[in-house]
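Here the structure is laid out as structure tokens; the discussion comes afterwards.
Read-outs throughout are calculated quantities, based only on the coordinates presented, and are distinct from any laboratory measurement. Here the structure is a predicted model, which means the values were calculated and not measured. Here Cβ is always computed from backbone atoms with ideal geometry, including for glycine, and neighbour counts include all displayed protein chains.
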């Protein structure tokens with residue numbers, strides 16, 4: 001009995017379609033976190049205080065530089081706010097979640113402003129030895 005190639009490829013197409021739909025769903029979930037409004041601007045100094053207060057520096061460093069051992073780099077040039085906020089609220093790694101009961105939306109915006117304000121590290125060639 002000869003099996004048609006169509007029957008072999010149909011499960012692959014179904015699987016690929018399901019995978020694509022799942023990815024679209026995840027993208028949709030990531031955009032559900034509200035963007036900071038124009039009225040909700042971040043305060044850099046407050047963001048730095050909150051970053052220290054909640055112990056973010058313990059894993060990500062005082063300048064957001066991160067470490068291969070403790071936590072990823074989060075600044076300067078953090079990921080887009082929507083991605084940042086979604087991960088803070090519902091992390092997928094070892095980081096604990098910081099829900100709205102722990103960290104307010106304004107504090108989240110302030111931390112993001114602090115991370116955006118961090119200067120780029122010096123280029124290796126310009127560091128005197």
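For this structure, a couple of remarks:
- Spacing of the two label points (7 Å from each Cα toward its C-beta) at residue 117 and residue 77, in nm: 2.1
- Using the Cβ-Cβ distance between residue 101 and residue 68 with R0 = 25 Å, the FRET efficiency computed as 1/(1 + (r/R0)^6) comes to roughly 0.20.
- Using the average count of surrounding beta-carbon atoms within 10 Å as a protection proxy, the listed peptides 92-102, 44-54 rank, highest first, as 44-54, 92-102.
- Anisotropy class assigned to the range 45-114 is rounded, per the alpha carbon gyration tensor with a/c under the 1.5 cut-off.
- The slack between residue 41 and residue 59, meaning 0.36 nm per residue of separation minus the straight C-alpha distance, is 3.9 nm.
- Binned Cα-Cα distances of the range 71-112, short to long, each 5 Å bin given as a whole percent: 5, 22, 34, 28, 10, 0
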